[in-house]
Each structure stands twice: as structure tokens, then as C-alpha cells.
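A short reminder: the numbers here are calculations on the coordinates, not readings from a lab. Because the structure is a prediction, the values reported are computed rather than measured. Here the Cβ is made from the backbone with ideal geometry for all residues, glycine too, and neighbour counts use every protein chain on show.
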Amino acid sequence: MYEVRDRIIQRMKELNLRQVDLINLTGLSKGTISKWISGTNTPSSTALPLLATALQTTPDWIIKGKDIDFESNNKNDIEYSHISLNANISTELSPIALSRRNNTLKLLKSNGLNQRQLADALNMKAPLLSAYLGKNPKKSIGNEVAKRICEYFKIEPIELDIDLDYIQSKSNEGNIFDKNNLNSQQNFVKVPFYTDARASCGLGYFNNDNVQDVEMITIDKSKLVDRYINPSNVKVLPTDGDSMLPAIPHGARVFLDTSRNTIGRDGSIYAICRGGLLSIKHLFKMPNDSIRIVSANPDKTLYPDIILNKSDMETESFQILGQVFHVDYPIPF
């Protein structure tokens, strides 16, 4: 592991790169890069091509130290490797990186700017910006670059991170409100929307007759019948934060089937209560009755996976409130 670290540091020195440069070139988090440089961790198969391109070398050299003459005038092997890697890097972009790219392009168009003008504004070389925004993007827009883009366009980070096209398409595809049937009340059912459940949660919260922050909303009954969901088991909660971006934005309304309060299929999305606080997460079964809690947001520095054993669940009063089946568009069970 330390040999990998040494080779990364060697190339950084040869190319006069700082840690922040690697963050910007790869689009990965500060924590990820720091662990590579300290020798705590090695690059994953997903991150390795990004690192190899940033260091102008090959994955084999980083991992195995395969001989490469960096000073040679004949660098066909290295350049060929970069071409083949770059052709596939776009498939390695995280959902947030793709959202950032697409939203930045929309901002350029709506503001009548071109990429060179944005590069100048960000104090960035035009080829580097092209690597982020080109037709076949070779690099991910990391948090530092995203912050600079947001500051320049005077927008909030969520406006750059969220996949509005995806959410809009899903909303149009499976909207729970059926405008064609508004005059036929028999096709609708009212369900409770707990507008302040972010502050306090638990199964008892739903059963508390004294709860004041409940708003009844009307939904198309067929959306429940088609999925064998009893209307009396439906509860609606607001989301808080960016942990489930880009699919579930901050402030969205999530629809739960509270009868599904155990993990069915690994990776499904559930509303959980942990330490009295509500969150929406992917859940996975683990050995010995443990569970793994996973955020959709790929930034593991901010949103690391959490593993709870049976004792942890008891200590933290862990509860599964229900499985998410709608966020104004269908969620697969």
C-alpha cells in the first residue's frame, strides 16, 4: 500500500501538483485523496482511471510500478492508454457529477456565455474546463470546482447538484395527482402529510392524536391499488438535506407504506428514525442481524455508510418507519 502512495507522491512532485490539484482534476473528495497520499487506502477500480489520467500515467504503473519512461520522447504507450481510458471515463461519472455538468451547461446557455468565458471567470485553463463540460467528459466536477461555479452564477449548491430533468421526467411519468379525474372524488383518497416530522419521529409520532402539524393531501387511489398499498398505511413526510441527491432533493415529499417496516429487498429506500431524527436511506441486511445504512449521495466523506448492530439499534432507538414508494414519482420496491 505504501508503494502505491510513494508512486502517487512521486508523480505529483514531477508534475508539480498539489493535493488540491488532484481534487480538481479527478473530481474526488479531499478525504479520498488524503487517504491515498497518507497510504491509508488505495484507489478503487472506479477512481483509478481518473487518478491515472490526472497523473499522466497508467493504472498499472500506479498499482504495480510497471516501468514507464516518463522522460522519453516516445510516449505512445502512455498516450494510447489515456485515449482508451478517456473513452470510458464518462461512464464512471457519479450521478452528481453528471448533474453538475448538465446544469453548468444550462447555466452557460441561459446566461449567453461560452466555456472560454466561464474558464476565465473561474481562473481555470480552457482545456481543463472542457474536460469537465465536453461532449465526452473526462473529469468529474468536484466540490471545490462546483463551489466556484455556484459562487460565479450566484446559485445555491443544490441547484447545481440536483437532476431536474430526471425528477421532471419521473413526475410526468407517474404523477400521483391525476388531473383528468379531479371531478371524480371516488378515485381519490386523503392521506396525512406530517409537515414537521424532521424534528421528531417514531412510530408513536404517527399515532399521536395531539400532533398538530398534519395536513391531509389528496392522491389518486389507483396509484396505491396498482401496488397493493392500503391507503390507511400511507404517510407522507418531508425530506431534509442532500444525502439522497440527485434522485431525492431537499424539501421533497416522500410517500411511505408503513406496513413495510422491515427490510425486504436490499437497497430499497426507507424512512428511518435513529436517535429521534428522521432520515431517508437505502438499507441493506448484514450478518448477525446488523444493517448497513447508505446515502445515495456518492460523497462518502460527508455521507459515509453506517453499520448498526443489534446493540446499536437498541441504544439509538432505531426504527424503520416504512418503505418509500413515491417522491412525486414512483420509486421501485
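Using the Karplus relation 6.51 cos²θ - 1.76 cosθ + 1.60 with θ = phi - 60°, the per-residue 3J(HN,Hα) values for region 256-265 come to 10, 9, 6, 6, 9, 10, 10, 6, x, 8 Hz, with x marking Gly and Pro. Val20 sits among other residues whose Cβ lies under 14 Å from its own Cβ, and their net charge, with Lys and Arg +1 and Asp and Glu -1, is +2. The phi-based Karplus calculation (6.51 cos²θ - 1.76 cosθ + 1.60; θ = phi - 60°) puts the 3J(HN,Hα) values of region 312-321 at 4, 5, 5, 4, 9, 6, 6, 9, 9, 7 Hz, whole numbers, x for Gly and Pro.
Using the Karplus relation 6.51 cos²θ - 1.76 cosθ + 1.60 with θ = phi - 60°, the per-residue 3J(HN,Hα) values for region 8-18 come to 4, 5, 4, 5, 4, 5, 5, 9, 6, 9, 9 Hz, with x marking Gly and Pro. A cut-off of 5 Å between modelled amide H atoms, ignoring neighbours fewer than 5 places along the same chain, links Asn41 with Trp36. Among Tyr132, Tyr303, the order by Cβ neighbours within 10 angstrom, fewest to most, reads Tyr303, Tyr132.
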